[in-house]
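Peer 1: Here's a structure for you.
The values are calculated or read from the model by the stated rules, or taken from the named source; none is laboratory data. These figures come from a predicted structure and were not determined experimentally. Quick reminder, even Gly has a Cβ in these numbers, built from the backbone with ideal geometry, and neighbours come from all protein chains shown.
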Amino acid sequence: MHLGERFVLMQCTSLYPCDNDKLNLRVMQTYRERFGFPFVICVRDKTKESILDAYDERLAHDPEIELAIALDEIVKIMRLRIADLLAA
């Protein structure tokens, strides 16, 4: 990956799997090789730019710190989905 390269990888379960031309698979591989799990971020209140910034920042983390952040993001996603279900 070039230092100046920017990307975004997002998954919407209603559109899964997304078209290959919308994925940067090399980015997924870089993150997964570094940490052993996929990049997870709760995107509901984020902009494309903030997602890109978060990826750049988080790729530099120690694995233990990144695991804690990824788990926090999963909890955020779960809470939002549960709230949506209860509101329906």
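Peer 1: Of the conditions (1) modelled with pLDDT of 90 or more; (2) loosely packed, with under 11 Cβ neighbours inside 10 Å, E49 fails just one. Which one is it?
Peer 2: Single failed check for E49: (1).
Peer 1: What residue, among those in segment 27-52 that are in a loop (DSSP other than H, G, I, E, B) and touching a residue at least 12 places away in the same chain (Cβ under 8 Å), is farthest from M78 (Cα to Cα)?
Peer 2: G36
Peer 1: Continuing with the same structure: Name the pairs whose Cβ atoms lie under 8 Å apart, with the first residue in segment 70-88 and farther than 12 Å from V43 by Cα, the second part of a helix (DSSP H, G or I), and 6 or more positions between them or separate chains?
Peer 2: That search, which allows pairs on different chains as well, returns A70/F35.
Peer 1: Still on this structure, please answer the following. For D72, work out the one condition from (1) at pLDDT 85 or above; (2) in contact with a Cys (Cβ under 8 Å, 6 or more places away or on another chain) it doesn't fulfil.
Peer 2: All conditions are met except number (2).
Peer 1: What are the residue pairs meeting all of these: first residue in segment 53-65, first residue closer than 15 Å to F37 by Cβ, second residue surrounded by 13 or more Cβ atoms within 10 Å (Cβ to Cβ) and of a type in the set (A, V, I, L, M, F, W, C), Cβ atoms under 6 Å, and 6 or more apart or on different chains?
Peer 2: Close Cβ pairs satisfying both conditions: P63/F35.
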